[in-house]
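Worksheet for the structure shown next.
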There are 2 protein chains.
Amino acid sequence: MKIVNTIAQLKTIVQNAKKEAKTIGLVPTMGYLHEGHLSLAGRAREENDLVIMSIFVNPKQFGPNEDFASYPRNLERDTRLAEPVGVDIIFAPSVEEMYPEDGGITIRAGRQSEILCGASRPGHFDGVLQVVAKLFNLSEPTRAYFGQKDAQQVAIIQTLVRDYNFPLEIRTLPIVREVDGLAKSSRNVYLTEQERAMAPSIYEGLIEAKEEFLLNKNVRAAIELATKHITNKTSGKMDYIELLSYPDLKEITETTEHFLLATAVYIGKTRLIDNIIFSLKGETANV
Amino acid sequence: MKIVNTIAQLKTIVQNAKKEAKTIGLVPTMGYLHEGHLSLAGRAREENDLVIMSIFVNPKQFGPNEDFASYPRNLERDTRLAEPVGVDIIFAPSVEEMYPEDGGITIRAGRQSEILCGASRPGHFDGVLQVVAKLFNLSEPTRAYFGQKDAQQVAIIQTLVRDYNFPLEIRTLPIVREVDGLAKSSRNVYLTEQERAMAPSIYEGLIEAKEEFLLNKNVRAAIELATKHITNKTSGKMDYIELLSYPDLKEITETTEHFLLATAVYIGKTRLIDNIIFSLKGETANV
């Protein structure tokens with residue numbers, strides 16, 4: 001495994017791989033890897049000749065009052081975790097390397113970004129699309145891997161790839177959870193012991209709501225049930241909880257096939273997200 | 001030479017070329033070809049294994065009161081002109097083929113787009129960047145060719161390629177002119193005989209201004225001279241005339257090395273643009 005910090009190094013590696021007609025799997029991350037990231041890397045390893053994992057805490061996707069400065073970083077730890085799952089290249093650039101100049105061209109993520117996390121994090125998905133477009137162009141991947149935990153992000157990136165014709169395939173993998181159901185997240189390290197004990201209630205609430213919805217097809221009742229469960233069982237403050245169609249993220253109708261039940265909850269100061277994607281036939285991971 | 005109308009056909013051609021490690025030259029046009037376009041195609045032929053010319057009148061870069069509907073189109077004529085200069089593939093998609101769905105993701109062109117043509121054509125360069133990003137992703141070119149006549153467009157596209165790391169090189173070629181100096185343009189067909197006779201005054205005015213500026217380094221005097229020349233010699237209405245640094249398109253300073261002297265003039269109902277790029281040492285084509 002090789003760690004590269006510059007765009008020039010990465011481009012040389014990519015160009016050589018292309019010359020040899022190798023397929024490239026890209027796993028974009030912000031580092032502080034957990035089993036979710038590693039499952040993406042493992043799948044990328046199975047499906048591609050060269051596996052590139054980017055580790056970059058992207059300042060453009062953090063708001064002014066968010067946790068960019070405190071976001072956990074540990075490249076040495078990440079390196080140790082990435083090697084055994086078969087990552088070939090870690091691309092870990094500095095902010096200056098990724099954004100040396102700024103000609104002011106921006107990407108606006110559109111309607112899909114105005115709800116859910118986008119409503120409480122204005123500009124977040126614009127920043128995500130900016131770095132993702134750059135990583136796509138730098139890595140020229142055959143396939144790029146994203147976790148379903150950021151379901152809205154995946155939906156928006158799918159739209160980017162579709163509407164801007166990026167020559168690659170997006171692969172989405174299911175959420176990896178702790179044994180008690182809490183979705184794995186780099187931000188879980190922020191939780192105190194007490195908060196950590198409450199956090200599984202988020203997923204419990206989602207399951208209750210899904211089951212209620214499948215039974216009675218009543219969105220409001222389902223949402224209320226989950227809200228009650230999560231607010232009762234945690235000291236947390238709900239940011240949002242919504243049931244929408246997936247991947248278009250619109251209000252559900254009679255013809256909706258895939259549903260996204262998604263929530264963001266503040267447990268103490270830590271904002272955690274979780275979701276379930278399901279159809280009337282049951283839970284589904286990939287849409 | 002092959003004419004393809006669908007994205008699927010184009011992608012097959014591009015994928016096959018990539019498999020054979022062929023270099024690809026892309027010449028994006030809106031068709032109704034003139035010698036300017038053909039010089040781009042000729043250069044692309046010299047430098048690449050496969051030459052793709054796109055012919056697409058892009059609705060996204062026209063304002064509601066602009067000439068999208070009346071813009072001249074003649075694919076049969078374009079085909080006849082493109083073949084002898086060595087174009088391999090003409091990609092001529094319909095609007096529905098290029099924009100089948102719209103997830104609402106937009107590109108905003110930033111500061112460089114707020115002046116010159118951007119000031120009188122709001123959204124124009126956003127639409128240009130959208131179609132150019134799509135054409136880059138569809139054609140995966142080694143090199144893409146643009147004419148200096150749209151100097152602001154070239155500058156903005158250079159910024160896109162730099163800031164978003166598109167893996168390709170932009171090549172710019174000089175303006176091709178009629179014998180009397182009028183810049184070749186697909187829109188010249190709009191001119192009446194009388195208007196056509198006046199139109200060379202645009203370039204004459206630019207030359208006067210450039211010479212005045214090189215002599216006295218006085219921006220205002222230079223601009224006034226050109227304005228006077230053009231308004232006296234034509235029945236035209238100036239849209240703008242400006243002298244800026246190139247390619248950053250900022251106010252010129254003591255240290256400016258390359259200058260863009262650019263104008264847009266309405267001759268009758270036809271809006272014509274022209275420019276000169278020069279340094280203190282003389283006229284330059286490529287920056």
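The values are calculated or read from the model by the stated rules, or taken from the named source; none is laboratory data. For clarity, every value in this text was computed on a predicted model and none was experimentally measured. Note that we place each Cβ from the backbone using ideal geometry, even for glycine, and neighbour counts take in every protein chain shown. To get the accessible areas, we keep the full protein, side chains included, count just its heavy atoms, and leave off ligands, DNA and RNA. Shrake-Rupley method; radii C 1.70, N 1.55, O 1.52, S 1.80 Å.
What FRET efficiency do you get for residue B:94 and residue A:65 if R0 is 56 Å and r is their Cβ-Cβ distance, rounded to the nearest 0.05? Write down the numbers at each step before the final one.
On the way: r = 46 Å, r/R0 = 0.83.
Approximately 0.75, to the nearest 0.05.
If you sort A:124, B:258 by accessible surface, 1.4 Å probe, largest first, the order is B:258, A:124.
Of the residues making up the range B:78-121, those losing 50 Å² or more of accessible area when the isolated chain is joined by the remaining protein chains, with a 1.4 Å probe, are B:101, B:103, B:105, B:108. Choose one answer from A:202, A:267, A:107: the residue with the largest mean-square fluctuation in a GNM of chain A with alpha-carbon springs under 10 Å. Answer for the Gaussian network model of chain A: A:107. Counting only DSSP beta bridges whose two residues both lie in chain B, roughly 50 percent are antiparallel. Residue B:257 label point (Cα plus 7 Å toward Cβ) to equivalent points in the other copies: 5.6 nm, shortest first.
The largest accessible area among A:280, B:206 belongs to the first residue in A:280, B:206, and the rest follow in falling order (1.4 Å probe, all chains). Within the protein assembly as shown, antiparallel bridges make up roughly 55 percent of the DSSP beta bridges whose residues both belong there.
Placing a label point 7 Å from the Cα of residue A:15 along the Cα-to-Cβ direction, the residues of the range A:126-156 whose backbone N falls under 19 Å from that point are A:135-142. The solvent-accessible area of residue A:186, taken with every protein chain present and a 1.4 Å probe, is close to 10 Å². When nucleic acids and ligands are ignored and a 1.4 Å probe is applied, residue A:182 ends up with an accessible area of around 10 Å². Counting Cβ atoms of other protein chains within 10 Å of each Cβ in A:161-171 and taking the mean gives 5.
Placing a label point 7 Å from Cα along the Cα-to-Cβ direction at residue A:232 gives distances to the equivalent points in the other copies of 8.8 nm, listed shortest first.
Largest GNM mean-square fluctuation across A:174, A:84, A:141, computed for chain A with C-alpha springs under 10 Å, falls on A:84.
If DNA, RNA and ligands are ignored and the probe is 1.4 Å, what is the ranking of A:185, B:235 by accessible area, most exposed first? It would help to have the intermediate numbers written out before the result.
Details: A:185 20, B:235 85 Å².
The ordering from most to least exposed comes out as B:235, A:185.
Given the options B:147, B:124, B:72, identify the residue whose Cα lies farthest towards the positive end of the charge dipole of the range B:2-173 (+1 on Cβ of Lys, Arg; -1 on Cβ of Asp, Glu). Among B:147, B:124, B:72, the one farthest towards the positive end of the dipole of the range B:2-173 is B:147.
Using the beta-carbon distance between residue A:217 and residue A:169 and R0 = 45 Å, what value does 1/(1 + (r/R0)^6) give for FRET efficiency, to the nearest 0.05?
Values: r = 34 Å, r/R0 = 0.75.
Rounded to the nearest 0.05, the efficiency is 0.85.
Per residue, chain B exposes 44 Å² of solvent-accessible protein surface, assessed with a 1.4 angstrom probe and all protein chains in place. Compute the acute angle (0 to 90°) between the alpha-carbon long axis of helix A:35-47 and the principal axis of greatest extent of the alpha-carbon atoms of chain A; round to the nearest 10°. For helix A:35-47, the angle is close to 50 degrees. Counting protein heavy atoms only, the range B:149-255 has 48 percent of its accessible area on carbon and sulfur, 1.4 angstrom probe.
Please report the buried accessible area for the interface of A with B, total over both chains, probe 1.4 Å, in Å² to the nearest 100.
Values: alone 13850 and 13850 Å², together 25050 Å².
That pair hides around 2600 Å² of surface in total.
Relative to the Cα centre, the charge distribution of the range A:80-217, modelled as +1 at Lys and Arg Cβ and -1 at Asp and Glu Cβ, gives a dipole magnitude of about 320 debye. Return, ordered by residue number, the residues of the range A:212-248 whose backbone nitrogen is under 20 Å from a label point located 7 Å along Cα→Cβ of residue A:162. Taking a point 7 Å out along Cα→Cβ of residue A:162, the residues of the range A:212-248 whose backbone N falls under 20 Å are A:243-248. The angle between the Cα long axis of helix A:219-233 and the longest principal axis of the Cα atoms of chain A comes to about 80 degrees, rounded to the nearest 10.
Accessible area of residue A:35 (1.4 Å probe, protein heavy atoms only, ligands and nucleic acids ignored): about 90 Å².
State to the nearest 20 debye the size of the charge dipole of the range B:160-249 about its Cα centre, where the only charges are +1 on K and R beta carbons and -1 on D and E beta carbons.
Details: 12 positive and 14 negative charges, 10 e Å.
For this selection, approximately 40 debye.
Label point of residue A:220 (7 Å along Cα→beta-carbon): distances to the other copies' equivalent points are 6.8 nm, sorted ascending. Taking the Cα centre of the protein assembly as shown as origin and assigning +1 to Lys and Arg Cβ atoms and -1 to Asp and Glu Cβ atoms, the resulting dipole is close to 260 debye.
The long axis of helix B:124-139 is offset from the longest Cα principal axis of chain B by roughly 30 degrees. Diffusion coefficient (Stokes-Einstein, Kirkwood radius over C-alpha pairs, 4 °C, 1.567 mPa s) for the range A:2-173: 79 µm²/s, rounded to a whole number.
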